[in-house]
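Everything below concerns the one structure shown next.
The values are calculated or read from the model by the stated rules, or taken from the named source; none is laboratory data. Keep in mind that what you see is a predicted model, and the values were worked out from it rather than measured. Note that each Cβ is placed from the backbone with ideal geometry, even for glycine, and that neighbours are counted across all protein chains shown. To get the accessible areas, we keep the full protein, side chains included, count just its heavy atoms, and leave off ligands, DNA and RNA. Shrake-Rupley method; radii C 1.70, N 1.55, O 1.52, S 1.80 Å.
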Amino acid sequence: MAANVYASATDGGSGGEPAQTRSGTGVRTAGATIDCPDVGSRLTSVPEQARTEVDKELALLDEQIAKAYQRLSESAQQIQQDSGFADNAIMNPLREKRGATLERIAIAIDRVGDRPEGLDALAACTVRDSGNQAPEPGEGQDSSGEEQPGQEQDQGGQEQGNGQGQGQGNNGGQAGNGPVAADFADITSVQPNVNSPRQQGNASRGTFATSCGVNENGLFNSDNIIAAPGVTNGAHHFHDYVGNQANNAFASDQDLANAGTSCDDQGDKSSYYWPVLRVQNGTQEQDANSPGGGIEGNAGAIVTPKQVTLDFVGNPRDKVTAMPRLLRIITGDAKAFVNGTANANASWSCTGFEDRQLKDKYPLCPKGSDVVRSFKFQSCWDGRNIDSANHRTHVAFADASGACPSGFRPIPQLVQRIVYDVDAPSLKDGGRTTPLFAVDSFPEQLHKPVTDHGDFINVFDEDLMGEMVDCINDGRKCGAGAEAEPGEKPGEEPSQEPSQEPGAGEEPGEEPTKAPEAPQEQPTRTPDAPKDGNAGGKPGDTGNDGKDEASNPPATDKPAPEPEPSDSPADEAEVYATPSAKSGEQGGSKDGTGEDSDGLGQSQAVGTATSAAATPAAPPRTEPQAVGSGNLADTGAQLWPAAAGAVLVLAGFVVLRRARRS
């Protein structure tokens, strides 16, 4: 059965092609992956005394899957020749290894508590279709059937990208396991889908911002101190780290407390980390020949973020309570591609389009717009535990109205925003002209965007955490990363009222969208998509017809309107006008009535510029059409001197005539 699934998933309809077919990038695309039950998420109760041993065994399960996937991706020829090869040589041995590991987990728990039931049923895994379809005939070629310029050179570079080479059965990200064109979507084709719960009377409306850099010092590893403490390469993919500088698999709580921090406020030694983003351009990074890197399919140039924003916001219904020191939170699911989306929390967008979020696609951003990945972390705490056996049950998301589950209390919600200056890849030629990009992942997860996730360990000083809570509950804007509105000082309470009732579709944990009066970055027109001939485009823009590239939205003869004051608290320091405003619409309205679909009269997506590798200058604003064209007041102001002169002339004639008559 495994052989049939593998063969059908990778056949591509070409009849006689190898079980791994060549993708548009000129390298092999894995058509199948391994799907195993996620044991860690099902172990909701593990005695504290058994945690260390159980965590190590869970990490071993991940390693077993990674090795089996690598063997599967390298065995195309054997599977094609022997229908029983996949089961006999890969899947059956994997089941036996998993069974032994699961038994050790059961014994470890049984020593200090009740033996868990049913673990043995989680040993078997299956081979499943990855959905990474083979390329259509002629893909990567022009209409004459010839290779496009630069194809051979790019292909050679990509085959060498992780130091293995295609001929050796490489399963690297640049030569086998994703991403593929279907993993991308044009952000301009996405309808606005961000809504916010209405803030109620006891809402905590403040914002506390911390600024911790963009990992410009290059702190990386493939450990995961939360999910796999004490295990090297527990994540099987590289992480970016900002904040705490001692984060690795072996760091103790005391190590974290004593470490340095990249945060501006030295009272914040918290650890913030996430999978790196790579451009799959053939570059050999430091981990090209290492576990967690090229050996496990994570290949290409690591992209340093252009900007990282770390905001802590309040609850729309209640006041927040302090986070306990060393609280650990994982948001999203690194295994969501095979686990399903129950715990997924990925959000992808583009600057200027952040009212449109993608959950399972990477965004194709127009020229002048940057890729944005954002996370809204769980904002409810059980009041007792700083971690849990599956690293999830001690925290939870608020519901659509902002209410926490029974027994949970609101805590400051971490809202993390990471911006990258990467070009939209050229999908028609499989990324040869402009390379594909993707987040690092477990190898069997195939770099799917839905697997994006973030991690946080609270190492705030208690006094600083107290300041954060007071600031948020008082409705102020505070913190080293906060930026004041015009006429307002950091720490002052905003004067705006809470936002109005949103439309349906809010996800648990969403916080109100806020619009400041003085944005730092305010595109007044929709960024142009690449044109034919790459006129004015970034290097590598292809000028395709837009079917699989970021297309140019309909042009408008009107300049985009200036943003109007928001009804929501001015807690943020950056706002983007909706880039889909058409002639006759006001403020980016979607229905032609001059109002948003949510009835707020404006459509905005918000982010705060607190950390940046290079802060771009704000683009010039387009003047309103009335400016310079004249109005009644202007006309009167200009004509009254002439009118007065005319009256004086007439009076002179009257006096002269009377003088002559006399």
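Every listed requirement among (1) surrounded by fewer than 24 Cβ atoms within 10 Å (Cβ to Cβ); (2) modelled with pLDDT under 95; (3) in contact with a strand residue (DSSP E or B) (Cβ under 9 Å, 6 or more places away or on another chain) is met by P486 save one, (3).
Within the stretch 97-120, track down each residue that is surrounded by fewer than 20 Cβ atoms within 10 Å (Cβ to Cβ), assigned to a helix (DSSP H, G or I), out of contact with any Asp or Glu (no Cβ under 7 Å at 6 or more places or on another chain) and in contact (Cβ under 8 Å) with a residue 12 or more places away in the chain. Hits for the stretch 97-120 are K97, E103, A106, R111, V112, D120. Note on the stretch 282-369: enclosed strands (runs of 3 or more DSSP E) holding 1 or more residues that are of a type in the set (K, R), touching a residue at least 12 places away in the same chain (Cβ under 8 Å) and surrounded by fewer than 23 Cβ atoms within 10 Å (Cβ to Cβ) are 328-332. Name the residue that is least open to solvent (accessible area, probe 1.4 Å), counting only residues in the stretch 392-408 that are in contact with a strand residue (DSSP E or B) (Cβ under 6 Å, 6 or more places away or on another chain) and of a type outside the set (G, A, S). The selected residue is V395.
Considering the stretch 431-445, and only residues there that are of a type in the set (A, V, I, L, M) and open to solvent by less than 10 Å² (accessible area, probe 1.4 Å), the residue that is nearest to W274 (Cα to Cα) turns out to be V439. Kindly indicate whether A203 is more than 30 Å from G178 (Cβ to Cβ), of a type in the set (G, A, S) and open to solvent by less than 30 Å² (accessible area, probe 1.4 Å). Answer is yes for this residue. Set side by side, the residues K428, K448 differ, and just one is of a type in the set (K, R), open to solvent by 10 Å² or more (accessible area, probe 1.4 Å) and more than 18 Å from A346 (Cα to Cα), which is K428. Among the numbered conditions (1) in contact with a strand residue (DSSP E or B) (Cβ under 6 Å, 6 or more places away or on another chain); (2) within 24 Å of R198 (Cβ to Cβ); (3) not in a strand (DSSP E or B); (4) not β-branched (V, I, T), the only one that G383 does not meet is (2). Those residues that are under 23 Å from N224 (Cα atoms) and under 23 Å from the mean Cα position of the chain (by Cα), I need them from the stretch 394-418; list them, please. Answer for the stretch 394-418, where residues must be under 23 Å from N224 (Cα atoms) and under 23 Å from the mean Cα position of the chain (by Cα): V395, A396, F397, Q413, L414, V415, Q416, R417, I418.
Taking the condition within 18 Å of the chain's Cα centre (by Cα) and not charged (D, E, K, R), does P324 pass? Judged against the criteria, P324 is not a match. Among the residues of the stretch 370-380, those identified as closer than 15 Å to D333 by Cβ and either hydroxyl-bearing (S, T, Y) or assigned to a loop (DSSP other than H, G, I, E, B) (or both) are F377, Q378. With respect to being open to solvent by less than 40 Å² (accessible area, probe 1.4 Å) and within 22 Å of the chain's Cα centre (by Cα), A251 falls outside the description.
Determine if the stretch 274-284 includes at least one residue that is within 22 Å of S388 (Cα to Cα) and among the aromatic types (F, W, Y). Looking for residues that are within 22 Å of S388 (Cα to Cα) and among the aromatic types (F, W, Y), one finds at least one in the stretch 274-284, hence yes. The number of residues in the stretch 47-83 that are at pLDDT below 95, among the small types (G, A, S), open to solvent by less than 20 Å² (accessible area, probe 1.4 Å) and more than 29 Å from the chain's Cα centre (by Cα) comes to 2.
Just one of D382, D423 is surrounded by 18 or more Cβ atoms within 10 Å (Cβ to Cβ), in contact with a Gly (Cβ under 8 Å, 6 or more places away or on another chain) and either among the acidic types (D, E) or at pLDDT below 95 (or both); which is it? Every option except D423 fails the conditions. Q168 satisfies every condition listed in (1) among the polar types (S, T, N, Q); (2) loosely packed, with under 14 Cβ neighbours inside 10 Å; (3) closer than 24 Å to M91 by Cα; (4) at pLDDT 90 or above except (4). Considering only residues of the stretch 254-281 that are open to solvent by 10 Å² or more (accessible area, probe 1.4 Å) and assigned to a helix (DSSP H, G or I), which is farthest from A334 (Cα to Cα)? Taking the candidates together, the pick is N258.
When residues in the stretch 19-36 are screened for being open to solvent by 30 Å² or more (accessible area, probe 1.4 Å) and at pLDDT 85 or above, 1 of them pass.
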